[in-house]
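Notes follow the structure.
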Amino acid sequence: MLRQAWSEVRHHPGRFVSTILAIAISVAFLTGSAVLVATEGQAQGKAMNVSLATADVVVTIGEDVEANVRPAIAATPGVGALAPVFTESDVVTAGVVSQVIQLVNLPPESLRWATLTAGRWPSAADEIALSGGAASALGLGVDGELALSGRDEKVRVVGVTNEPSGLFVKTGYAADARFAAAGYTDSATRTWVIKAAPGTPPATLAAGLDAAVKRVSPKVRAEPAESVRAEAVAHLARDFDVFANVLWAFAVVSLVVGMITISNTFSITLAQRRRQIGLLRAVGATGSQVRRRFLLEALLLGVAGSVLGLVVGIGIAAAETAWSTALFWGLSLPLEQLGIALSLGVLATAVAAFVPILRGTKVAPLEALQPVLSGEERRKGSVVRAVVCGLLLVAGLGVATVAVTVTNPYSLLIAIAAGALISVAVLFGGPLFVPSLLKASGHLFRWTGTVPRLAAGNAERNPRRATATATALMLAVGLMVTLQVATASVRLTVLDEIAAHYPVDLQVVWPAANGDLGSIPTAVAAQLARVPGVDGSVLLAGGTATVGEQQVTLLGYAAGVPAATGANTAVADGQVLVSPFVAENLKKKTVTVKGTAGKRELTVAASQLVTSDQAMVSSATLAQITTPIPGAVQWLSVADRSQAVAVMVAVNGIVESADRVTGSVVEAAFYEQTMDILLAITTGLLAVAVLIALIGVSNTLGLSVVERTRESALLRALGLQARSLRVMLLIEAVQVALVGIVVGVVAGAGFGWLAVTALGRSGGFDSVRFAVDLPTTAGMVGIAVLAAALASVLPGRRAAKAAPTEALADI
């Protein structure tokens, strides 16, 4: 039987190519997601711990211990080379470009992990070498000059290495002389890296070193560097878990897409092979034997598609990580997850094919020789379908209600479960409502002529075929719109959250000579407002006061606050704004605010506008409490956070002291950059999921045209021209596409809203914004329509070219 199944697959590959492709792309999505996340996590872990890259043993000293372990390490047999690990982060500027650089000390040659591509290694305190990625980002090469933010100091670039930029880390290298000048000493070193002498196993050296350094202090330990690197990578990779879960959720959706495509494909191919099934039964094959044969075919297809998907998925992940530069640190293959992906692919194929196989083979021999299902079979199937779909829909709506109304850390997973139930109900219930929608959409075409009228009638007369095609389109468009709406809404929601929690990008305070609050010089304030990248500025009067028992800087609300912060909240005369942390500690609705001019009992309101050592009142209230100091504080707004570091550097340069500048713009920019990177990767993988659905569209439409070869030949024999036949098939495809698109857009928008609302519940967002990227959505829908049209035109051309007498032959 296995030989017969293999023979069928080998001799009729056209029937099964689309099934193999559907499952291959589904498994590729699963595989690609797993490898991508593992590789990116590994890369960031290694990039942030480059000092350990080539070490054999790492010695770590506890935070509360100050000990010089160099003599103990050097005296241990088997040590080939040793070096302390010094690191510091600096904001460096080249022209108008600024970047955060992680500077590490240059180790001995045997402990170096990077190689030079230009120049030489640094040897003096004012020299550094840059990784290739850092040099590219700064637009510098050898002999370039960098200014260090917050210091009147410049360094010269003397070398460039082969390392790329990571997602978050850019590396530079400095000589020990630089760190020595900054006060780094052996006794203050927290980490040492050691290279074993030739012939000394790292594990043996680690044990000997551990015993030696423990004699210096019991809080010093030596470990194999491989273990330390693995732990560092694992620790950072855990930060990718949320993203990994989102990708796997998308991957499961893509697998469901593939299963429905496979189910549709088997339904149509089994209908085409109905006579073959009848003949097998007529010559003595039992129903179970026929089912086993077809299930073996499905398993063969599942294995072939899953193996192909595994290879393609690894290739896609390798390409994406090469683009993101993570591949420089090596490709990570999580074998356990890859095994799950392969198994799920085979299992999904068998499960998806089981129902069509069971339905297509559970008929009597003579009945199977009939060209179509009996009316009684169709009626019974409709009743069962209506009951099952109704139950699934009610269950899905109930679970969705829980996801959007109950605050739960698992709300997003609950929403995904609800979406799956509702999706299955809608897709499986297609035969119950698609014929009615087809009839309604037919009115758009009937009035335009005879051929369009024939096309509309043909779609309505063959609801099974039309429903299969519309279902595939619902899936394609629904998936695209769901992910597009979710992506756009998440981005807008997160940006709103960043704006709400970090409303003040930069704040400049100007202390007086005696250390009290002073006024920012007019010329300095004007210069700060003109910094490139600053799009809003406001000067606030202030003074010193106490709120309850806490001394704070009391600010007076000014008319320019909304422009500088985006916050539209004004401050009433009887109100005081304090930070949420202070408001929680006060635990009362009113508080006494007291200053040099008097005191007032004010209503407490929590606001992110002020820090824990600040409070804000109206300008009139400020004058009643203390003597206002004009221009005591200046707030600056930076709309384009990609310029955050450059603006911070420029502001520090103007005020001549980093101690006068605070603000959240750099932190907010980091969050925004992280989100943009993750969303960009998600969008790239979205294209894979869309491709699966479009293959289902093309496959279903193509098979439906092949299935009706005799019908098309009969129309040709009755006088229908070849061109008219092609136009008829095209119009029919467009009519069916409209039904699938409308249902898909409505369902996709609903699922997108459900996902974002649930994410807001699980993530603790203050509010959720619903967004639709209309150009992107319209483009996606256009691609789906074009795919549907092409899927009908190409097979239609073949049908139109066939001679009517030849096509009417029973094949």
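The values are calculated or read from the model by the stated rules, or taken from the named source; none is laboratory data. Since this is a predicted model, take the numbers as computed values, not measurements. A quick note on method: Cβ atoms are made from the backbone with ideal geometry, for glycine too, and the neighbour counts reach across all protein chains shown. Ligands, DNA and RNA are excluded from the accessible area calculation, which covers all protein heavy atoms including side chains. Shrake-Rupley method; radii C 1.70, N 1.55, O 1.52, S 1.80 Å.
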Counting only protein heavy atoms and leaving out ligands, DNA and RNA, the solvent-accessible surface of Asp573 at a 1.4 Å probe, in Å² to the nearest 10, equals 90 Å²
A convex hull over the alpha carbons of region 25-65 yields, per residue, a volume in Å³ of 98 Å³
Residues other than Pro511 with Cβ under 9 Å of its Cβ, Lys/Arg counted +1 and Asp/Glu -1, net out at -1
Counting only protein heavy atoms and leaving out ligands, DNA and RNA, the solvent-accessible surface of Ile414 at a 1.4 Å probe, in Å² to the nearest 10, equals 40 Å²
When every protein chain stays in place and a 1.4 Å probe is rolled, Val666, Val79 sorted by accessible area with the largest first are Val666, Val79
With the 1.4 Å probe rolled over protein heavy atoms, region 105-174 has an accessible area per residue in Å² of 40 Å²
Over all pairs of different Cα atoms in region 472-530, the reciprocal of the mean inverse distance gives a Kirkwood radius in Å of 15.9 Å
Largest-first ranking of Asp613, Asp659, Asp496, Asp90 by accessible area, probe 1.4 Å, whole protein assembly kept, is Asp659, Asp613, Asp496, Asp90
If the chain between Ala211 and Val303 were fully extended at 0.36 nm per residue, the gain over the current Cα-Cα distance would be 27.8 nm
Here the FRET efficiency for Arg156 versus Phe433, based on Cβ atoms and R0 = 60 Å and rounded to 0.05, is 0.25
Reported to the nearest 10 Å², Leu347 has, with a 1.4 Å probe, an accessible area equal to 100 Å²
Quick tally, 1.4 Å probe accessible area for Phe179, Phe765, sorted with the most first, runs Phe765, Phe179
Flagged as over-length at 28 Å C-alpha distance, from Lys46/Lys219; Lys154/Lys219; Lys46/Lys195; Lys170/Lys219, the pairs are Lys154/Lys219; Lys170/Lys219
With label points set 7 Å from each Cα along the Cα-to-Cβ direction at Asp516 and Ala722, the distance between them in nm comes to 9.8 nm
If the chain between Lys589 and Val311 were fully extended at 0.36 nm per residue, the gain over the current Cα-Cα distance would be 93.8 nm
Of the accessible area of region 514-554, computed with a 1.4 Å probe and all protein chains kept, carbon and sulfur make up a percent value of 48 percent
For region 485-611, the percent of all C-alpha pairs falling in each 10 Å bin, from 0 up to the bin holding the max distance, is 11, 35, 34, 16, 4, 0
Output ordering of 30-41, 101-112 (per-residue mean of other Cβ within 10 Å, highest first) is 30-41, 101-112
Taking 0.36 nm per residue of separation between Val355 and Glu667 and subtracting their Cα-Cα distance, the length gained on full extension comes to 107.0 nm
Expressed as a percent, the accessible surface of region 82-127 that is carbon or sulfur, using a 1.4 Å probe and the full set of protein chains, is 53 percent
Averaged per residue, the 1.4 Å probe accessible area of region 542-592, protein heavy atoms only, in Å², is roughly 50 Å²
